[in-house]
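One structure below.
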Protein chains: 2
Amino acid sequence: MVVHEREPYNAEPPRTALAGHRVTPPDAFYSRNHGPIPEIDPAAWRLTVDGLVHNPLELSLEQLRDRFDDVEVTATLQCAGNRRAGLLEVRDIPGEEPWGPCATATGRWSGVRLADVLAHADLHSDAAHIAFAAPDVSPLPDPPEPYGGSIPAAKALSPEVLLAWAMNGEPLPRIHGAPLRVIVPGWIGARSVKWLSRVTAQAEPSANYFQATAYRVLPPEADPSRAGPGDGISLGPIALNCEILSPDDGAQVPPGPAQVTGYALAGDDRTVARIDVSVDGGRTWTQADLDAGDGPWAWQHWHTTVDLPPGDVEVTARAWDSTGALQPESPAHLWNPKGYINNSWARIHLNSA
Amino acid sequence: MVVHEREPYNAEPPRTALAGHRVTPPDAFYSRNHGPIPEIDPAAWRLTVDGLVHNPLELSLEQLRDRFDDVEVTATLQCAGNRRAGLLEVRDIPGEEPWGPCATATGRWSGVRLADVLAHADLHSDAAHIAFAAPDVSPLPDPPEPYGGSIPAAKALSPEVLLAWAMNGEPLPRIHGAPLRVIVPGWIGARSVKWLSRVTAQAEPSANYFQATAYRVLPPEADPSRAGPGDGISLGPIALNCEILSPDDGAQVPPGPAQVTGYALAGDDRTVARIDVSVDGGRTWTQADLDAGDGPWAWQHWHTTVDLPPGDVEVTARAWDSTGALQPESPAHLWNPKGYINNSWARIHLNSA
């Protein structure tokens, strides 16, 4: 893993660890944290479901397993700061980690539908948002605050949103949120709250720092240290994006035919419709083949063979989604003070001399 | 109206006719047709609902009105060819109309929910698509074929999709689809089939020419005359887009403060989060104010005041959506053989000498 920070622990794997795995091995799954990783006794742990509900709940893991149907969803999580390194090449972003393209990973998540738990709690008609709270305290807000966030009730009631206790058929590792993690497929990873302790139905979005103030695209001229609740574009569904996973950036590759592979993600309920790859700076493009998929909530892996000229080569990849939309070309226009959502075309440099 | 073609009739208004109207006057509503406009006797007309249903229906207008709840939705329709003129500046697109930015308009549509009619027809569990058929025969396919198309059942069952007989509180004009038009908010106008005669539940998308072969983004190198069913990206939800409505392109405007207004549209269930306007070619940007909205299915009007320098000025506008995604900058990369989905930044030229 490439460790961006030890405390809180923030790390992503190299591209080679993601390449070729449609489901990510847990030890290659990126880890994005805002505070110390809590140690929770699963036997003593309870999930509180409260707020605008007719029937507040206090559930043990056993009760969650017993009372609700088991569900498995293969879903990709992506950090809103994924590919921030490309924005840092445009202009500095003080205080934020230089994430590469591997703060993106896919798990087979098992648990119960959040919708089923909310149906049991019986939402009031004015419950427009579902807030999540966790015990990991972040020193970033002033004063420090436990991590939290929310999603609109319409998303929370969608069948793909899980309360998960297992990943890839194994118990959820502590670092990935044990005993229970919300999984919000198609949305930025920040909403898939780890070490979940409380689910609250409410009329407004969460007032937590990580919902109200962070994870927002501010205009370029904004001073992020002065940004307050409600400023900027609040992030939820993921934007169309793609990256090259193999060869690795900077690799030595002999000239001639070379296989290029990568991932693409359209976000929420959109799908990846086409991937183009260029080895001549975008003058000509080859359409990549899309690999078999793992359902609507997983990334789309792709591959193609290109003919590498000798010398230094820039390989570019770009995705189109099911609306016929194309990613923007340059990170220059996407730069924002907190460095979120770099979804410009993917570029790696190879030496094929 | 700017008439692109008399037969079939294809026309859009000038920008000035759309500016300042959050709901478009019917005589300024673009008209996109593929065949002659049919004349239908509303008393004799019937809607057939068939295919994968347990209870096939044959409904008169009166039965539709009597049996189902009246619903009104304010929704924007946008032709997939909207702003094709910008792609034509990149490279020629033979046989397609040079639509400007005004093949976009908003109506208050009244009718019944398609979902309610489908519930009455009682869909089979394998009804994955809902197809629409109309009597207007297009000479474009070989052999000629009546117009049709389909949408996935999940969209058809969404409460915003209507069977509409009125527009802006008046009976639906013949040219806009009387006696009955499907309204599919957030999707390309081609799916809002006019002069609707048949709704068919089926396992696969419509095999109609305008679903299977047309309204698809082909790769740049494709020969559209050889494109067959299934080629390219099938269009459905609308891509993020925006345009300037006032001043008009080419207008003479005195230097100094000038109000700029326009529309933006995020497509399907996304929302417009921010509009930037530049008068210096994108070096600096002003954030526009978003006007009051008309619900999730209507365009977002916006306005701002810029300080026009003297001389020739290019005014640029660009939209960001609720995923933090930005429109692509240039139409050059978006060019496609049928000229769909030009969602590059909006640009007009003013003379402020």
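The values are calculated or read from the model by the stated rules, or taken from the named source; none is laboratory data. Values in this document were obtained by computation on a predicted structure and should not be read as measured data. Cβ atoms come from the backbone with ideal geometry, glycine included; neighbour counts cover every protein chain shown. For accessibility, only protein heavy atoms count, side chains too; no ligands or nucleic acids. Shrake-Rupley method; radii C 1.70, N 1.55, O 1.52, S 1.80 Å.
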**Report entry** Within segment B:79-135, trypsin sites (Lys or Arg not before Pro) in DSSP loop having at most 11 other beta-carbon neighbours inside 10 Å
**Finding:** none
Query raised in the report: In terms of the ratio Rg/(2.2 N^0.38 Å) built on C-alpha atoms, what value belongs to segment A:124-215?
Result: 1.07
Requested in this report: Pick out which of A:Ser225, A:Ser322, A:Ser138 has the largest mean-square fluctuation in a Gaussian network model of chain A, springs linking Cα atoms closer than 10 Å.
Outcome: A:Ser225
Query raised in the report: How high is the relative contact order of segment A:241-352, given as a whole-number percent (alpha carbon pairs under 8 Å, six or more residues apart)?
Result: 35
Report summary line: For chain A, the accessible surface attributable to carbon and sulfur atoms (probe 1.4 angstrom, ligands and nucleic acids excluded) amounts in percent to 50
Query raised in the report: For A:Ile37, B:Ile233, what's the largest-to-smallest order of accessible area, 1.4 Å probe?
Result: A:Ile37, B:Ile233
**Report entry** Whichever lysines have a C-alpha closer than 25 Å to that of B:Lys338, once near sequence neighbours (fewer than 8 apart) are set aside
**Finding:** B:Lys194
Query raised in the report: Tell me, what is the FRET efficiency for A:Arg226 and A:Arg46 to the nearest 0.05, using R0 = 51 angstrom and their Cβ-Cβ distance as r?
Result: 0.85
Query raised in the report: Using only Cα atoms, what is the ratio of the radius of gyration of segment B:241-352 to 2.2 N^0.38 Å?
Result: 1.06
Query - Accessible area expressed per residue, chain B, with surrounding protein chains retained (probe 1.4 Å, Å²) - result: 37
Report task. Between the label point of B:Arg46 and that of the same position in each other copy, find the distances and list them shortest first in nm, with every label point placed 7 Å from Cα along the Cα-to-C-beta direction. Result -> 6.3
Report task. Rank A:Leu162, A:Leu218, A:Leu180 by mean-square fluctuation in a GNM of chain A with C-alpha springs under 10 angstrom and give only the top-ranked residue. Result -> A:Leu218
Query raised in the report: Do any GluC sites (Glu not before Pro) in segment B:1-71 lie in a loop, going by DSSP, with at most 11 other beta-carbon atoms within 10 Å of their beta carbon, and if so which?
Result: B:Glu39
Query raised in the report: Which chain A residue puts its Cβ closest to the axis that rotates A onto B, and at what distance in whole Å?
Result: A:Pro328, 2
Query - Whole-Å distance, taken between Cα centres, linking segment A:1-67 and segment B:6-46 - result: 53
Query raised in the report: What are the nm distances, shortest first, from B:Ser225 to its equivalents in the other copies, labels at 7 Å along Cα→Cβ?
Result: 6.5
Report task. Report, in whole Å, the centroid distance computed from the Cα atoms of segment A:225-303 and segment B:238-301. Result -> 29
Query raised in the report: At the nearest 100 Å², what buried accessible area, both sides summed, do you get for A and B when the probe is 1.4 Å?
Result: 2500
Report summary line: Label model pair A:Arg283, A:Ile175: point-to-point distance (7 angstrom along the Cα→beta-carbon line) in nm is 4.5
Query raised in the report: With the solvent-accessible surface defined on protein heavy atoms using a 1.4 Å probe, which residues belonging to segment A:240-270 display a reduction of at least 40 Å² in accessible area in the multichain context relative to the isolated chain?
Result: A:Arg270
Query raised in the report: Quick one: if the Förster radius is 22 Å, what FRET efficiency do A:His124 and A:Gln63 give, using the C-beta to C-beta distance and rounding to 0.05?
Result: 0.45
Query raised in the report: Which residue, A:Leu163, A:Leu59, A:Leu18, has the most motion in a Gaussian network model of chain A that connects Cα atoms within less than 10 Å?
Result: A:Leu59
Query raised in the report: In the calculated pair distance distribution of the protein assembly as shown, what percentage of Cα-Cα distances lie above 39 Å?
Result: 36
Query raised in the report: Given label points at 7 Å from Cα along Cα→Cβ, what nm distances, shortest first, separate A:Pro173 from the same residue in every other copy?
Result: 6.3
Query raised in the report: In segment A:254-320, what trypsin sites (Lys or Arg not before Pro) fall in a loop by DSSP, with at most 11 other Cβ atoms inside 10 Å?
Result: A:Arg283
Query raised in the report: How much accessible surface does A:Glu97 have with a 1.4 Å probe, in Å² rounded to 10?
Result: 30
Query raised in the report: Using helices alone, what [θ] at 222 nm do you get for chain A, with -39,500 (n - 2.57) per DSSP H run of 4 or more residues, divided over all residues and rounded to the nearest 500?
Result: -2000 deg cm²/dmol
Requested in this report: Averaged over every viewing direction, what's the projected area of the C-alpha convex hull for chain B? Give it in nm², one decimal, please.
Outcome: 17.3
Report summary line: In nm, the gap between the two label points placed 7 Å beyond Cα toward Cβ at B:Leu290 and A:Asp27 is 4.6
Report summary line: In nm, the gap between the two label points placed 7 Å beyond Cα toward Cβ at B:Ala203 and B:Asp248 is 5.5
